[in-house]
Amino acid sequence: MNPVLKSWVEEVATLTAPQSVVWCDGSEAENTRLCAELVAAGTFTPLNADKFPGGFWSRSHPSDVARTEHCTYICPEKQEDAGPNNNWMNPVEARAHLQKLFSGCMKGRTMYVVPYCMGPLGSPLSKIGIEITDSAYVVVNMRIMARMGQPALDQLGSSSDFCRGLHSLGQLDPETRMIAHFPETREIWSFGSGYGGNALLGKKCFALRIASVQGRDEMWMAEHMLILGLESPQGETIYVAAAFPSACGKTNLAMLQPPAAFKGWKAWCVGDDICWMRPGPDGRLWAINPEGGFFGVAPGTSHKTNSNAMSMVHKNSIFTNTALSEDKCPWWEGMDGPPPAHATDWAGKAWTPASGTKAAHPNSRFTVPAVNCSMLSPKFNDPMGVPISAIIFGGRRAKTAPLVYQSFDWEHGTFVGASMASETTAAATGAVGVVRRDPMAMLPFCGYNFGDYFGHWLKMGKSVSHPPAVFHVNWFRTGSDGKFLWPGFGENMRVLDWVLQRVAGKGEAERTPIGWVPKADALNLDGSGVNASALNELLSIDTNLWRQEAKDVGAYFNTYAAHMPAAMHAQVAALQQRLG
Ligand code: SAT
Ligand code: MN
C-alpha cells in the first residue's frame, strides 16, 4: 500500500466523515454493482436492453448541467501566475474555505477512492491521478473516461507523484459550488456539482488545468485538441491536432467520414478533446490522448453529422440529460428520424413534439468507451503516441475568418491561436452566442497566465526541428442571408485535404495579409454542392474587419501586461502593416 496515498485518504476521511470508504478496482463486477446501486437510487434508468445493452439514462439537477466558469478558481500563491484569464483566490484563503465546505460533507455517504491513469498504461507520457468522490455516478463515468482502477494503482506503485482530486456533490447548491485548482501542489478540490467537466476530475481539471502547468515546467504541452489520423489510398497516415472551443464540433471532426470524392481515404480517431504533446527524438511533436472515452454533446449528433458516434453509443454508454423515449431509448434534437410521440424530457417531465420545449438539454452528453468507436486509431494505446504534422485552430465565427488559412511559421501560428475568438455555447453556463476571445480554445482550461502560456508555445516551437504547420479554419461563416456557407461535417475533409497537401509542400495558395489562403481551384469541391460564389465568399478577407480585428487583438494582448511576450506584440504590428 502506497504510504503517501494511504495517509492522504485517511486525512480526507477524517475531514469528510463518510459512512464507509471503498477503494475502486475498476472491475466489471464493481461496475455492475455500482450501476445497480445507481438504478436503485433512481439516478440511473436502464436503457432498452436490445438496442442499448449496458446503457443507462441519467438526469442531473436542473441547475447542474454545464461547467460553471464563474466558480472555477486557479490558486497559485501569486495572483499574476493565474493571470487575467483565470479567477484567482489566495491558496490559504481558498483552503480555509474548502476545509469548511468539505467538513463532514460525506456523512451517511460512501467515499470512493478512484485511481486512474491519464494516457496509455505504461506510457512514459501518462500521469496518475486519484479522485476521491462521494458520487457513484462519477465513479462509473471515470471508468469510461480514464484507465481506472487497479492497473493505475499498480502503475503508481509507491510514488507520491499523483494528482490529488477531492470531489463532493455537497448539496448541489450553485451558491456554494467551487472548483479550485492548486497547480503548485497538483491538487483539485471540487464541491457542489456532479456535472462532467466539474466532477470528472481527470478531464478538464487535471488533463488541462493542472497538466498545462506541468507541461510548462517540464517542456511539453497539454491542449484542448482532438487528434485525427488521415490515411491516404497509398497507405500513408498523417496526424493532425485541432483546437476548437467546447461544443464546436471536435467530436464530429475527430470521427470524420471522408465524402465519396475521397475514395480510398480512411480517417482514424485518436482523441476528441484533449491532447498531450512532447518533442520526440525525431524533432517532431508526438501526441497522446490522455482519455479513455468520449464525453460528447448529444444534440445535433445524427447519421449525417457523425455516423461513427451514432454507432458507438449503442453499447455500455451513459446518457446524461437527453430525453428518454417510451421504449427506453435516448433521444435528442437533431437525431435522425421523427421525434418520439411521447418521451420524458431532460427535466423528467412528460414531453411530446407539441410541448414547444427542447426534450434534451442543449448540453446533454453521452459517455462512451473509446473501444466502441469503430474508427479508433490502432495507435490509441501506443505508449509513444502519434507524430503531429499540423495543428488546426478553429472557432465559431459568422464573419471575419475565412474557411481556412495557413500561418507563415510557428511564431505566426502561435499568434493565430492566441487571437482566436468564438461564440459561446451551452457547454458552460451563461449567455450563448456571445463572441469572446478564446486563445487556443483554452480560455476555460489554461491553469496559468495566458501571457506565459503563449511564451511557452514559442519556446516549444524552438525546441523541435520540425514543428507542425499551423492552420486556422472556420466552418461557421455565414452569407448575407445568415445561412452557413460551408456544409461542414464529412465535407470538412476537403479542407483537411488541402492542409495535408500544404504539409507535403504542395497545395496552391495565395499569400494574403493574414496568411496563406487556398487558391479557388486548390480545394477538391467535387460533389460538395458549394458553388463558385459561395467559395469566393468563404475565402474572402474583409480588410476593414481585419483592421478592427488586429486592433481588438492588440488591446486584448495588452491586458496581459509584462507577461505577454514581445514577439506577440510584434505579430500584431506586422499584421497591421500587412493590412496597410
Ligand atoms: O464538461 S466538459 O468540460 O468535460 C466538456 C467541455 O465543455 O468541453
Ligand atoms: Mn472540451
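Quick one: GLY170 ticks every box in (1) under 16 Å from TYR112 (Cβ atoms); (2) buried (at least 24 other Cβ atoms within 10 Å of the Cβ); (3) away from ligand 2 (no atom under 16 Å from the Cβ) except a single one, so which number is it?
Result: GLY170 passes all but (2).
Test PHE484 against the criterion of being within 26 Å of the chain's Cα centre (by Cα), under 30 Å from CYS269 (Cβ atoms) and touching a residue at least 60 places away in the same chain (Cβ under 8 Å), and give yes or no.
Here the answer is no, as PHE484 does not meet what is asked.
Applying the selection to segment 511-569, what residues are part of a helix (DSSP H, G or I), of a type in the set (Gly, Ala, Ser) and in the same structural domain as ARG396 (by TED's automatic domain parsing)?
Going residue by residue through segment 511-569, those that are part of a helix (DSSP H, G or I) are 520-522, 532-538, 543-558, 561-563, 566-569.
Next cut, of a type in the set (Gly, Ala, Ser) only: 520, 522, 532-534, 550, 554-555, 561-562, 566-567.
Residues satisfying the conditions are ALA520, ALA522, ALA532, SER533, ALA534.
Being assigned by TED's automatic domain parsing to the domain that holds VAL416 and over 14 Å from the mean Cα position of the chain (by Cα) is true for just one of LEU253, LEU230. Which residue is that? Explain how you work it out, then say what you get.
Values: LEU253 fails: over 14 Å from the mean Cα position of the chain (by Cα).
Residue meeting the stated conditions: LEU230.
Name every residue in segment 296-310 that is surrounded by fewer than 22 Cβ atoms within 10 Å (Cβ to Cβ) and touching a helix residue (DSSP H, G or I) at 6+ places or on another chain (Cβ under 8 Å), in order of residue number.
Of everything in segment 296-310, those that are surrounded by fewer than 22 Cβ atoms within 10 Å (Cβ to Cβ) and touching a helix residue (DSSP H, G or I) at 6+ places or on another chain (Cβ under 8 Å) turn out to be SER302, HIS303, LYS304, THR305, MET310.
Take the residues in segment 253-281 that are charged (D, E, K, R) and surrounded by fewer than 17 Cβ atoms within 10 Å (Cβ to Cβ), then tell me which one is nearest to ligand 2 (Cβ to nearest atom). Before the answer, list the steps.
Start the filter on segment 253-281 by keeping residues that are charged (D, E, K, R), which leaves 263, 266, 272-273, 278.
If we keep only those that are surrounded by fewer than 17 Cβ atoms within 10 Å (Cβ to Cβ) too, we end up with 263, 266.
Values: LYS263: 32, LYS266: 25 Å.
Here the answer is LYS266.
Hey, could you check segment 203-245 for residues that are outside any strand (DSSP E or B) and aliphatic (A, V, I, L, M) and say which is farthest from ligand 2 (Cβ to nearest atom)?
First, pick out the residues of segment 203-245 that are outside any strand (DSSP E or B): 203-220, 224, 232-236, 244-245.
Right, trim to aliphatic (A, V, I, L, M) and you get 207-208, 210-211, 213, 219.
Working: ALA207: 10, LEU208: 8, ILE210: 16, ALA211: 14, VAL213: 18, MET219: 24 Å.
The qualifying residue farthest from ligand 2 (Cβ to nearest atom) is MET219.
Would you check if SER63 is more than 16 Å from ligand 1 (Cβ to nearest atom) and of a type in the set (S, T, N, Q)?
Numbers: more than 16 Å from ligand 1 (Cβ to nearest atom): no; of a type in the set (S, T, N, Q): yes.
Judged against the criteria, SER63 is not a match.
Select, from ALA504, ALA534, ALA509, ALA520, the only residue that is within 26 Å of LEU256 (Cβ to Cβ) and modelled with pLDDT under 95.
Of the residues listed, the single one that is within 26 Å of LEU256 (Cβ to Cβ) and modelled with pLDDT under 95 is ALA520.
Out of curiosity, is TRP276 hydrophobic (A, V, I, L, M, F, W, C), part of a strand (DSSP E or B) and under 14 Å from MET118 (Cβ atoms)? Please lay out each step first, then the result.
Working: hydrophobic (A, V, I, L, M, F, W, C): yes; part of a strand (DSSP E or B): yes; under 14 Å from MET118 (Cβ atoms): yes.
Here the answer is yes, as TRP276 does meet what is asked.
Could you name every one of the strands (runs of 3 or more DSSP E) located completely within segment 288-374 that has at least 1 residues being within 16 Å of ligand 1 (Cβ to nearest atom) and hydroxyl-bearing (Ser, Thr, Tyr)?
318-320, 365-369
Of the residues that sit in segment 216-246 and are small (Gly, Ala, Ser) and buried (at least 22 other Cβ atoms within 10 Å of the Cβ), which one is nearest to ligand 1 (Cβ to nearest atom)? Steps first, please.
First pass over segment 216-246, keeping only residues small (Gly, Ala, Ser): 222, 229, 232, 235, 241-243, 246.
Of the ones still in play, those that are also buried (at least 22 other Cβ atoms within 10 Å of the Cβ) are 222, 241-243, 246.
Numbers: ALA222: 14, ALA241: 16, ALA242: 14, ALA243: 11, SER246: 3 Å.
Among residues in segment 216-246 that are small (Gly, Ala, Ser) and buried (at least 22 other Cβ atoms within 10 Å of the Cβ), the one nearest to ligand 1 (Cβ to nearest atom) is SER246.
Yes/no matrix, rows are residues, columns are (1) more than 24 Å from LYS551 (Cβ to Cβ); (2) assigned by TED's automatic domain parsing to the domain that holds ALA211; (3) basic (Lys, Arg); (4) more than 16 Å from ligand 1 (Cβ to nearest atom):
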site: SER422; (1), (2), (3), (4): no, no, no, no
site: ALA427; (1), (2), (3), (4): yes, no, no, no
site: GLY461; (1), (2), (3), (4): yes, no, no, yes
site: PHE471; (1), (2), (3), (4): no, no, no, yes
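Filter segment 337-354 for residues that are touching a residue at least 60 places away in the same chain (Cβ under 8 Å) and over 20 Å from SER302 (Cα atoms) and give the result. Please lay out each step first, then the result.
Residues of segment 337-354 that are touching a residue at least 60 places away in the same chain (Cβ under 8 Å), as a first pass: 346-348.
Correct list: ALA347, GLY348.
From GLY447, GLY451, grab the single residue that is farther than 23 Å from ASN363 by Cα, within 16 Å of ligand 1 (Cβ to nearest atom) and either modelled with pLDDT of 95 or more or among the charged types (D, E, K, R) (or both).
Answer to the check: GLY447.
Would you say VAL12 is hydrophobic (A, V, I, L, M, F, W, C), surrounded by 15 or more Cβ atoms within 10 Å (Cβ to Cβ), modelled with pLDDT of 95 or more and in contact with a Leu (Cβ under 8 Å, 6 or more places away or on another chain)?
Numbers: hydrophobic (A, V, I, L, M, F, W, C): yes; surrounded by 15 or more Cβ atoms within 10 Å (Cβ to Cβ): yes; modelled with pLDDT of 95 or more: yes; in contact with a Leu (Cβ under 8 Å, 6 or more places away or on another chain): yes.
Yes; evaluated as a whole, the condition is true for this residue.
Is it the case, given these coordinates, that GLY197 is surrounded by 24 or more Cβ atoms within 10 Å (Cβ to Cβ) and assigned to a helix (DSSP H, G or I)? Walk me through it before giving the result.
Values: surrounded by 24 or more Cβ atoms within 10 Å (Cβ to Cβ): yes; assigned to a helix (DSSP H, G or I): yes.
Taking the combined requirement at face value, the residue satisfies it.
Going by the conditions given, is LYS250 of a type in the set (D, E, K, R), crowded, with 22+ Cβ neighbours inside 10 Å and free of Cβ contacts under 8 Å to residues at least 40 places away in the same chain? Spell out the reasoning first.
Details: of a type in the set (D, E, K, R): yes; crowded, with 22+ Cβ neighbours inside 10 Å: yes; free of Cβ contacts under 8 Å to residues at least 40 places away in the same chain: yes.
Answer is yes for this residue.
Mind listing just one residue for me: the one in segment 400-454 that is within 16 Å of ligand 2 (Cβ to nearest atom), assigned to a helix (DSSP H, G or I) and in contact with a Ser or Thr (Cβ under 8 Å, 6 or more places away or on another chain) and, of those, farthest from LYS204 (Cα to Cα)?
In this case the residue turns out to be PRO439.
Identify the residue in segment 247-258 that is part of a loop (DSSP other than H, G, I, E, B) and closer than 19 Å to CYS373 by Cα and, among all such residues, is farthest from ligand 1 (Cβ to nearest atom). Before the answer, list the steps.
Going through segment 247-258, the residues part of a loop (DSSP other than H, G, I, E, B) turn out to be 247-249, 255-258.
Imposing the further condition that a residue be closer than 19 Å to CYS373 by Cα reduces the set to 249, 255-258.
Values: GLY249: 12, MET255: 16, LEU256: 19, GLN257: 22, PRO258: 25 Å.
Among those that are part of a loop (DSSP other than H, G, I, E, B) and closer than 19 Å to CYS373 by Cα, it is PRO258.
Please find, among ALA418, ALA441, the residue that is surrounded by 22 or more Cβ atoms within 10 Å (Cβ to Cβ), within 16 Å of ligand 1 (Cβ to nearest atom) and closer than 26 Å to GLY554 by Cα.
On the way: ALA418 fails: within 16 Å of ligand 1 (Cβ to nearest atom).
The unique qualifying residue is ALA441.
The values are calculated or read from the model by the stated rules, or taken from the named source; none is laboratory data. Note that the structure is a prediction, hence the values are computed from the model and not measured. Cβ sites come from the backbone with ideal geometry, for glycine too, and all protein chains shown count toward neighbours.
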